[in-house]
Amino acid sequence: MTVTPAPLDVGAGTVLKLQGISKRFGAVQALKNIELDVRAGEVMALVGDNGAGKSTLVKTIAGVYTADDGTMVFDGREVRVGSPAEAQQLGIATVFQDLALCDNLDVVANLYLGRELTAPSARGRLLDEVEMERQSWELLRQLSAKIPSVRIPVASLSGGQRQTVAIARSLLGKPKVVMLDEPTAALGVAQTAEVLNLVERLRERGLAVILISHNMADVMAVADRVAVLRLGRNNGVFVVSETRTQDIIAAITGATDNAVSERAARRSREEGSAS
Amino acid sequence: MSLHGSGTRPQDANPDQSDGGEPANGTTDAAQLPADLQDERLIARRGVSGAIAAFTSRLRSGDLGSVPVVVGLIIIWAVFQVANGSFLSSRNLVNLTLQTTSVGVIALGIVLVLLLGEIDLSVGSVSGVAGAVLAITFVNKGWPLALSLVASVVLGIVIGLFYGLLYTRFGVPSFVITLAGLLGFLGLQLLVLGKDGTVNLPYDSALVGFATRSFLSPAVAYILIAVVVAAYALTRLQGRRARAAAGLSSAPNSVIAIKAVALALVLLIPVLILNGDRGVSSMFLLFLALVVITDIAVRRTRWGRSVFAVGGSVEAARRAGINVRMIYLSVFAACSTLAAVGGILAAARLVAVSQASGGTDTNLNAIAAAVIGGTSLFGGRGSAYSALLGALVIMSISNGLALLSLDSSIRYIVTAGVLLIAVTIDSLSRRSRQAHGRA
């Protein structure tokens, strides 16, 4: 097994850097000495088996949990994030798996929920629906999002479109880091591709994207680097262009000779002999 | 192109057209279209016929809005008019507006609570105790009228905040909290009223005058209508200009004009009839003003948007940074305050407060009115106008049956039937909306 560690580049471009993050729940050490750095304009995939600590790490970064130990450096400053609102103010946006959209409200209302624009003509008391709608279209066009109308309830959108709305909403706060928790879970083939395109567009905008996914195909398709967690510890950071899927899977499962990697190796052999 | 059919517009058909040729060709169809109409999947609906087509397709998908209640109201009025020719007389309709007001004001509070997906069963008791506090402080203690009014309204606010605190701090279901309130404040009302049980308000006091003898003169009523219609048309035209400036689609002038004329007729015809007798009651006008203010508050302010969001998904609202606790507190407070105001108006109109004030009737009528008017019991859907329409339905039934000299037994049965129909329509349309992706 060859683990290719990414060059430790702490210099320019690093937006978020975690050092020695640990988190315990009672007798369980959920995270131990996690190191992670994410650069601007980079998609960092976070992978690991069930219970590896991905969700705990994401929630720690998002301010849902506070770390017991370790430091977080954001934009060159050491920060402590006490609540999700603080994380958002700093510029760390998170799209959780359940998206947290209000089905009864339309796309514009969902995008601006909690930070509605108000019309100066009414001394800031009434909502400025026109400006919100205009900016919604602008944002959705920038993301090349395929939403037919922003004045229909979110309930009538497809899974991919709902994911798009949730991601677009996270961008309104002008974040530097966007964390996506399983954005392609439960999506069809075309919708998954749509969301992956969206992730690439976030990267083009110079955002640092942290992508949590179980789907290795998605990870290999869109990520620049992959950080593997195993049993709450770092288990290697891989540069996607220089790594094979099997190596990452080996790091996830913690063994080179296991059912998954054997199977993958056998299949690649068979494909190789077939062609 | 042909795939799209005549009703749709291609967004980027013939992209090569935009590259070469004259500058006029440089702007394709898409560039000329408003930003919100560029998607090729959208079905084009323009002009008056487009507005009508959009309306009917909305109805078909189960987004009924206030259509069922308006239809129901017309049927009820027609039936009663056939049964008793004096039902739609000016005199009786003026009575109907007076009867509707207090229930309507209370129902307005219920609408707010229902928007959150909660319920307040105690509005009747709260209205009763507010009336009792007003009567005792004003008549027996000799307080100035203004002070008594303030005391009653503040009592409503305090009760609502108390409910909100219980709900947000301890998570007690609103059904149980307000059920306790229903009993508790009925007890408080009996306690406040003491042994006599009935307190008469002085007939010549300003409050009773406002509720029973104050009517708009015809000229004032017509001027008011003109002002309202002009304000409506101006707002719509301003909105149209703002949308056009922002590159968005907007309703054509013809649609705005038709809507303004329809509004004028809806206001003018009832006022013409009411002016045949005493005219538009000031108390009813107060109710209408409260409805309009509530409508603007829930549709056009951040607070109202938050109320709808909490009613749709509490967790999503919390994650969006909405102060959910404050929303619950403010809505429960607003509901109890409106209940107190309704109680004051009821006391003023009946010129007395008794142990029966705000009894079971008031409570159930107000809740039924909000639901009949089209506010969903499931939260996140509804409109302030449902309080007005629902209260009109409820009070028309009670008024019409009284004209036919049928006693309350029949009235209860008929009201129950209408309520059941309304709730069934709500549930059915909810299912249909889900099937049509509009839930």
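Where a number appears in this text, it was derived from the coordinates with a stated rule and is not lab data. Because the structure is a prediction, the values reported are computed rather than measured. Counting neighbours? That spans all protein chains shown, and the Cβs are built from the backbone with ideal geometry, glycine included.
For the protein assembly as shown, a crude dipole built from +1 on the beta carbon of Lys and Arg and -1 on the beta carbon of Asp and Glu, taken about the Cα centre, is about 1240 debye to the nearest 20. Pairs of Cα atoms nearer than 8 Å and 6+ residues apart set the relative contact order; for the stretch A:1-153 it is 17 percent. Secondary structure note: in the protein assembly as shown, about 60% of the DSSP beta bridges are antiparallel. If the segment from residue B:169 to residue B:190 were pulled out straight at 0.36 nm per residue, it would be longer than the present Cα-Cα gap by 4.6 nm. Restricting the trypsin sites (Lys or Arg not before Pro) of the stretch A:19-97 to loop positions (DSSP other than H, G, I, E, B) with no more than 14 neighbouring Cβ atoms within 10 Å leaves A:80.
Think of the stretch B:223-345 as having a plus end and a minus end, set by charges on the Cβ of Lys, Arg, Asp and Glu; of B:342, B:323, B:285, B:323 sits farthest toward the positive end of this dipole. A dipole drawn for the stretch A:47-141 from +1 and -1 charges on Cβ atoms has a positive end, and of A:91, A:62, A:136 the residue lying farthest that way is A:91. Dipole size of the stretch B:44-181 about its Cα centre, with +1 on Lys/Arg Cβ and -1 on Asp/Glu Cβ: approximately 360 debye, rounded to the nearest 20.
Between residue B:257 and residue B:140, the contour length at 0.36 nm per residue exceeds the Cα-Cα span by 36.6 nm. When chain A is treated as a GNM with alpha-carbon contacts under 10 Å, the residue of A:177, A:107, A:64 showing the greatest mean-square fluctuation is A:64. Please label the shape of the stretch B:284-439 as rounded, prolate or oblate, based on the square roots a ≥ b ≥ c of the eigenvalues of the alpha-carbon gyration tensor (a/c under 1.5 means rounded; beyond that, a/b larger than b/c means prolate, else oblate). Here the stretch B:284-439 falls in the oblate category. Distance between the 7 Å Cα→Cβ label points at residue A:115 and residue B:273: 5.1 nm.
Each label was represented as a point 7 Å from its Cα along the Cα-to-Cβ direction; for residue A:245 and residue B:222 these points are 8.1 nm apart. Based on alpha-carbon centroids, what's the gap between the stretch A:210-235 and the stretch B:231-282 in Å, whole number please? Result: 58 Å between the Cα centres.
Helical runs (DSSP H, four residues minimum) scored at -39500 (n - 2.57) apiece and divided by the length of the protein assembly as shown put the mean residue ellipticity at 222 nm at -18500 deg cm²/dmol. Taking label points 7 Å from Cα along the Cα-to-Cβ direction, residue B:406 and residue B:427 give a separation of 2.5 nm. Amide H to amide H, with H built 1.01 Å from N, residue B:352 comes under 5 Å of B:201, counting only residues 5 or more places away or on other chains. The charge dipole of chain A, taken about its Cα centre with unit charges on the Cβ of Lys, Arg, Asp and Glu (plus for the first two, minus for the last two), comes to roughly 260 debye. The slack between residue B:245 and residue B:176, meaning 0.36 nm per residue of separation minus the straight C-alpha distance, is 19.7 nm.
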